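K.L.:
Please read through the structure below; I'll follow up with questions.
The values are calculated or read from the model by the stated rules, or taken from the named source; none is laboratory data. Computed from a prediction, not measured in an experiment: that's the story for all the values here. Positions of Cβ are generated from backbone atoms using ideal geometry, with glycine treated the same way; all protein chains shown enter the neighbour counts.
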């Protein structure tokens, strides 16, 4: 069985989108960022050849046209830890391994997902993480389940989130980790130049990534 990928998204009009970014750029541009970035992530995920799902935050938006191009998993209510655990368990049940990614990392490459697939292929428990420069993580994959309390014991969106997440899972079941490159996810206006540079460094950007490069350049010029 192939690992499956779940892309975590929120739906404009149903949830606030990138509120810290919206405080500087306005809600319309923040929502446009989310749509364009999610399209980049989806393209790279589909190019990997693995099964791909949207993990939609709102049950009321499961049938939204924005997510009609891929199968949809609905995130449950509750904490981020509970939402990730529920989606990850579903991928484990249906595909044997699960890879969770956010929609705000348009630099994601199909090669990152292929590396994840190879790492998670053996039968013994394994985990893979894509660390972010802000201390969080932009990808998590595993080929075994983790209890809810391990996911919920971590405080997310902090400078030590990735470190605490690794510690929490290792405290339940020690397993080897593979680390991907450290990248920038876009939360603040100040993250725009770094994300743009990382996109420009891609050796073979996809069409959605090229479109986003142009969009980011315009946003930076407007904000200057």
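K.L.:
Would you point out the residue of the stretch 47-65, among those that are crowded, with 17+ Cβ neighbours inside 10 Å and more than 14 Å from the chain's Cα centre (by Cα), that is modelled with the lowest pLDDT?
P.N.:
Restricting to residues being crowded, with 17+ Cβ neighbours inside 10 Å and more than 14 Å from the chain's Cα centre (by Cα), the top hit is 64.
K.L.:
Okay, next question. In this structure, does residue 89 turn out to be within 13 Å of residue 4 (Cα to Cα) and surrounded by 14 or more Cβ atoms within 10 Å (Cβ to Cβ)?
P.N.:
Judged against the criteria, residue 89 is a match.
K.L.:
Quick check on my filter: what residues within the stretch 100-117 are out of contact with any strand residue (DSSP E or B) (no Cβ under 9 Å at 6 or more places or on another chain) and buried (at least 22 other Cβ atoms within 10 Å of the Cβ)?
P.N.:
The answer is 106, and nothing else.
K.L.:
Could you pull out the residue among 29, 36 that is touching a helix residue (DSSP H, G or I) at 6+ places or on another chain (Cβ under 8 Å), surrounded by fewer than 22 Cβ atoms within 10 Å (Cβ to Cβ) and under 16 Å from residue 199 (Cβ atoms)?
P.N.:
Of 29, 36, the one residue that is touching a helix residue (DSSP H, G or I) at 6+ places or on another chain (Cβ under 8 Å), surrounded by fewer than 22 Cβ atoms within 10 Å (Cβ to Cβ) and under 16 Å from residue 199 (Cβ atoms) is 36.
K.L.:
Name the residues in the stretch 6-40 that are over 17 Å from the mean Cα position of the chain (by Cα) and on the phi > 0 side of the Ramachandran plot, would you?
P.N.:
13, 26
K.L.:
Let me ask something else about it. Report those strands (runs of 3 or more DSSP E) wholly inside the stretch 118-224 carrying at least 1 residues which are buried (at least 16 other Cβ atoms within 10 Å of the Cβ).
P.N.:
127-131, 137-142
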